[in-house]
2 protein chains.
Amino acid sequence: MADFPSHIHIHEEGPREGFQIEPGPISTDDKIRFIEALAQTGLREVQAVSFVNPQRVPSMADAETVAHRLRPFEGVQYTAVWLNLRGLERALTTPLHVPGRLQISASEPFSISNTGKNTEQTLVEQRQVIAYCLAHHIPIESAIVMTAFGCNLAGHIAPALVLQRIEQLMGVLQEHGLTLPYLRLADTVGWANPNAVTRLIGAVRERWPDLRLGLHLHDTRGTGLANAYAGLSMGVDRFDSSCAGLGGCPFAGHQGAAGNICTEDLVFMCEEMGIHTGVDLEALIACAHMAEAIVGHPLPGKLMRGGSLSRYQHPGGSHA
Amino acid sequence: MADFPSHIHIHEEGPREGFQIEPGPISTDDKIRFIEALAQTGLREVQAVSFVNPQRVPSMADAETVAHRLRPFEGVQYTAVWLNLRGLERALTTPLHVPGRLQISASEPFSISNTGKNTEQTLVEQRQVIAYCLAHHIPIESAIVMTAFGCNLAGHIAPALVLQRIEQLMGVLQEHGLTLPYLRLADTVGWANPNAVTRLIGAVRERWPDLRLGLHLHDTRGTGLANAYAGLSMGVDRFDSSCAGLGGCPFAGHQGAAGNICTEDLVFMCEEMGIHTGVDLEALIACAHMAEAIVGHPLPGKLMRGGSLSRYQHPGGSHA
């Protein structure tokens, strides 16, 4: 039985996802201009930068500068990605919203390829993150399970393996007397299909009925919004997405790695179905065009070309 | 309750949808090469050309030549679009599969804009088509309701109006003692969302439980595959789609008119969910690359870039 939410929360990841993967240099000014424009669309959470090794990801070398220069807007949190304790420490020197967050990959080969750590080593690091957060009074807000549907190195991932990873994360939290408030399931390299989403969400729900769930979906193979719809139909009300479809994973191991699902396409689909997003769709479309101008090549978003439907609503039309 | 089909039938419309809208000239040889490649992928129905006014659509001036030169492949039907009796007569001079087909637009303003005929005039023409088919022993195989979800001229279309149009078509068939075996619902200019699909399919099913239904979906606003998934979840087992996402409607009244949903993305989604399509996905991806080379610019298909998952299936992997 479909169980659609009345409204959803969107974590906009376009600036980080997109500018991280773009081959050409993006100026710090352009990054700030784009991030601040997004922060004025009604989006309440905008991921601005990642604190990763600038040798591996030169495009994020100005992460601290961007973070310090961003103007605050009421009700908007700027967030960041960090992959290890060192990244977290860097993030905490900035005014960004930096909650504690655990992360693990369902696929162990992907984990080794992406972070250099196997599952056991990852869990050791998560313990360090928890200890660090406890020592610095930083609440653990969420955890993410990457490659929750499959990856190019391990193939399809069975829901049972994802449940095992969640248990492992909950285990290290329990060691410190903590519980997990919010879990994100990530289709990191675009392996999900709508029924796999339904199946995994169902399996997690059955085991932990009160755990809040979010989806991080990539549109590598065209099923991104269908996967989001499947999540919505299961009541999922938190999504990561990228304005204009910016981005992609530079370490995903294949050329076609596409970005997150497109924010304005997601907002359009939701609002058309009566699911509120709180986002000004026209302002968001303007951001998508800005992103395209900044990167200097077409981006995959559809709505930015097709246009919203608001200008076509005729009071005397066939809408009845 | 979801009611997925075990297999679907795909009507490939890429050659007609795509080559009709491309601004540059496409050689007759290239059209034939592409159509015949599609006919060898397992697709059983490939729309090759449209018999429309060559003054309005110069790219289809070679329709008869293409139709006559196509090599037959066992189990494959080549089809065509025609919009009026004159087009039908032209189509019947070729070896193409040309069944009788009725057509109407839910939106009357769209009908006037697209064909120059209002609903009443369209019904008069449908009577002429029926009479012609009866006289020439051509079975009426299907009907299509265009703009079944909305259009830029009339706004959103309520399911009640679509039911009325279906009744009108059934009425003219009944005048000749005929019934309607198969109905296609078309989101001609990309107004549908997944819940609108579910709602309309449900309304039609409730009224005519035995009427076979198909969906013709355009991906103008990114929701195409999500809409297809909604149709699948209602048991719809016939879809129109375009290889590589070729195409679009040249008369849709706005710049962003995008093509049909992308065939290989649809095939991928279905096969990943265990819904059989009978299509060789790798051969179809090769066709998509051929289409891109022929038109000389990027096409919107995702899977052709992301790649299928078949090469990543590891017998010893996490698939369990």
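The values are calculated or read from the model by the stated rules, or taken from the named source; none is laboratory data. Quantities reported herein were computed from a predicted structural model and do not represent experimental measurements. For neighbour counting, all protein chains shown are included, and Cβ atoms are generated from backbone atoms with ideal geometry for every residue, glycine included.
Given the options B:L134, B:L173, B:L200, B:L123, name the one that is in a helix (DSSP H, G or I), within 14 Å of another protein chain (Cβ to nearest Cβ) and at pLDDT 95 or above. It would help to see each step written out before you state the result.
Working: B:L134 fails: within 14 Å of another protein chain (Cβ to nearest Cβ); B:L173 fails: within 14 Å of another protein chain (Cβ to nearest Cβ); B:L123 fails: within 14 Å of another protein chain (Cβ to nearest Cβ).
The unique qualifying residue is B:L200.
Do you know which of the residues in segment A:75-92 that are out of contact with any helix residue (DSSP H, G or I) (no Cβ under 8 Å at 6 or more places or on another chain) and part of a strand (DSSP E or B) is farthest from A:G42 (Cα to Cα)?
A:T79
Per-residue answers, yes or no, for (1) more than 23 Å from A:L92 (Cα to Cα); (2) outside any loop (DSSP other than H, G, I, E, B); (3) out of contact with any Leu (no Cβ under 6 Å at 6 or more places or on another chain):
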position	(1), (2), (3)
A:A2	yes, no, yes
A:P5	yes, no, yes
A:G18	no, yes, no
A:I26	yes, no, yes
A:D29	no, yes, yes
A:A37	yes, yes, yes
A:Q40	yes, no, yes
A:V46	no, yes, no
A:V49	no, yes, yes
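Can A:G247 be described as surrounded by 24 or more Cβ atoms within 10 Å (Cβ to Cβ) and within 12 Å of another protein chain (Cβ to nearest Cβ)?
Values: surrounded by 24 or more Cβ atoms within 10 Å (Cβ to Cβ): yes; within 12 Å of another protein chain (Cβ to nearest Cβ): no.
So A:G247 fails the test.
Can you name the residue in segment B:142-161 that is in a strand (DSSP E or B) and at the interface with chain A (Cβ under 10 Å from one of its Cβ atoms) and is also nearest to A:Y312 (Cα to Cα) among such residues?
Of the residues in segment B:142-161, the ones in a strand (DSSP E or B) are B:142-146, B:150-151, B:155-156.
Of the ones still in play, those that are also at the interface with chain A (Cβ under 10 Å from one of its Cβ atoms) are B:150-151, B:155-156.
On the way: B:G150: 10, B:C151: 8, B:G155: 6, B:H156: 9 Å.
Result: B:G155.
Quick one: how many residues across segment A:171-221 are of a type in the set (S, T, Y) and surrounded by 22 or more Cβ atoms within 10 Å (Cβ to Cβ)? Break it down into steps so the answer makes sense when it comes.
Narrowing segment A:171-221 to residues of a type in the set (S, T, Y): A:179, A:182, A:188, A:198, A:220.
After this cut, where a residue has to be surrounded by 22 or more Cβ atoms within 10 Å (Cβ to Cβ) as well, the list is A:188, A:220.
Residues meeting the conditions: 2.
So the check is Cβ under 7 Å with 6+ separation or different chains; which pairs have a first residue in segment B:186-200 that's in contact (Cβ under 8 Å) with a residue 12 or more places away in the chain and a second one that's aromatic (F, W, Y) and assigned to a helix (DSSP H, G or I)?
Filtered contacts from segment B:186-200: B:P194/A:Y229; B:P194/B:Y229.
Out of segment A:91-102, which residues are out of contact with any Pro (no Cβ under 7 Å at 6 or more places or on another chain) and crowded, with 18+ Cβ neighbours inside 10 Å? Working first, answer last.
Going residue by residue through segment A:91-102, those that are out of contact with any Pro (no Cβ under 7 Å at 6 or more places or on another chain) are A:91-98, A:101-102.
A:A91, A:T94, A:L96, A:V98, A:R101, A:L102 - these are the residues of segment A:91-102 that are out of contact with any Pro (no Cβ under 7 Å at 6 or more places or on another chain) and crowded, with 18+ Cβ neighbours inside 10 Å.
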